[in-house]
1. Step by step: first the residues of the stretch 1-17, then only those that are under 10 Å from residue 119 (Cα atoms) and in a strand (DSSP E or B), then the one that is most open to solvent (accessible area, probe 1.4 Å). Which residue is that?
2. Which of (1) farther than 21 Å from residue 13 by Cα; (2) at pLDDT 95 or above; (3) polar (S, T, N, Q) does residue 53 not meet, given it meets every other one?
3. Identify, by number, the condition in (1) in contact (Cβ under 8 Å) with a residue 24 or more places away in the chain; (2) out of contact with any Leu (no Cβ under 7 Å at 6 or more places or on another chain); (3) farther than 19 Å from residue 5 by Cβ; (4) not in a loop (DSSP other than H, G, I, E, B) that residue 121 doesn't meet.
4. In the stretch 24-38, is there at least one residue being in contact (Cβ under 8 Å) with a residue 60 or more places away in the chain, farther than 19 Å from residue 107 by Cα and either open to solvent by 80 Å² or more (accessible area, probe 1.4 Å) or not β-branched (Val, Ile, Thr) (or both)?
5. Can you tell me which residue among 80, 85 is open to solvent by less than 70 Å² (accessible area, probe 1.4 Å) and touching a Pro at 6+ places or on another chain (Cβ under 7 Å)?
6. If we scan the stretch 45-67, do we find a residue that is over 12 Å from residue 112 (Cβ atoms), among the hydroxyl-bearing types (Ser, Thr, Tyr) and in contact with a helix residue (DSSP H, G or I) (Cβ under 9 Å, 6 or more places away or on another chain)?
7. Quick one: how many residues across the stretch 52-79 are under 14 Å from the mean Cα position of the chain (by Cα), closer than 18 Å to residue 25 by Cα and not in a loop (DSSP other than H, G, I, E, B)?
8. Go over the candidates 118, 105 one by one and state the one that is modelled with pLDDT of 95 or more and not small (Gly, Ala, Ser).
Amino acid sequence: QVQLVESGGGLVQPGGSLRLSCAASGTIFSINLMGWYRQAPGKQRELVATINSKGYTNYADYVRGRFSISRDNAKNTVYLQMNSLKPEDTAVYYCNAAVKKTFNTQYYGYWGQGTQVTVSS
């Protein structure tokens with residue numbers, strides 16, 4: 001089994017910063033794409049940022065220039081540094097990882113349980 005555990009969410013004032021972490025554990029042969037998504041109340045889950053095993057990154061327009069995604073392949077961990085936070089960034093943030101359990105299996109996507117980020121004064 002594979003588990004993704006997020007941490008680092010919380011309450012922050014507008015203009016503040018938070019750093020999210022997501023550690024993958026369990027039966028893991030390799031991890032390809034890792035990413036962060038978010039879901040605000042009453043809205044669909046949306047992409048925030050992704051990063052592949054080579055470090056190539058992709059950002060949604062609404063976070064580009066404010067958020068930064070990175071990963072530590074040795075620790076199977078992905079990070080999201082969030083700066084200049086706005087009230088509209090308030091959401092539950094979910095980690096996703098494409099994991100191959102053995103050398104001869106396909107990559108399968110796993111989700112974390114989510115961590116709440118609230119931006120409010």
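The values are calculated or read from the model by the stated rules, or taken from the named source; none is laboratory data. All of these numbers come straight from a predicted model, not from anything done at the bench. Because the Cβ atoms are built from the backbone with ideal geometry, glycine has one as well, and the counts that use them run over all protein chains shown. Remember, those area values only see protein heavy atoms, side chains included, never the ligands or the DNA or RNA. Shrake-Rupley method; radii C 1.70, N 1.55, O 1.52, S 1.80 Å.
1. First pass over the stretch 1-17, keeping only residues under 10 Å from residue 119 (Cα atoms): 10-17.
Among the residues that remain, those that are also in a strand (DSSP E or B) are: 10-12.
Working: 10: 25, 11: 130, 12: 20 Å².
Among those residues, the one meeting the criterion is 11.
2. Unmet for residue 53, out of (1) farther than 21 Å from residue 13 by Cα; (2) at pLDDT 95 or above; (3) polar (S, T, N, Q): (2).
3. It is condition (4) that residue 121 fails.
4. yes
5. Working: 80 fails: touching a Pro at 6+ places or on another chain (Cβ under 7 Å).
Checking each option against the conditions leaves just 85.
6. In the first step, residues of the stretch 45-67 are kept if they are over 12 Å from residue 112 (Cβ atoms); the result is 45-67.
Next cut, among the hydroxyl-bearing types (Ser, Thr, Tyr) only: 50, 53, 56-57, 59, 62.
Still in the list and also in contact with a helix residue (DSSP H, G or I) (Cβ under 9 Å, 6 or more places away or on another chain): 53, 62.
Within the stretch 45-67, one or more residues are over 12 Å from residue 112 (Cβ atoms), among the hydroxyl-bearing types (Ser, Thr, Tyr) and in contact with a helix residue (DSSP H, G or I) (Cβ under 9 Å, 6 or more places away or on another chain).
7. 6
8. On the way: 105 fails: modelled with pLDDT of 95 or more.
Result: 118 is the single residue among 118, 105 that is modelled with pLDDT of 95 or more and not small (Gly, Ala, Ser).
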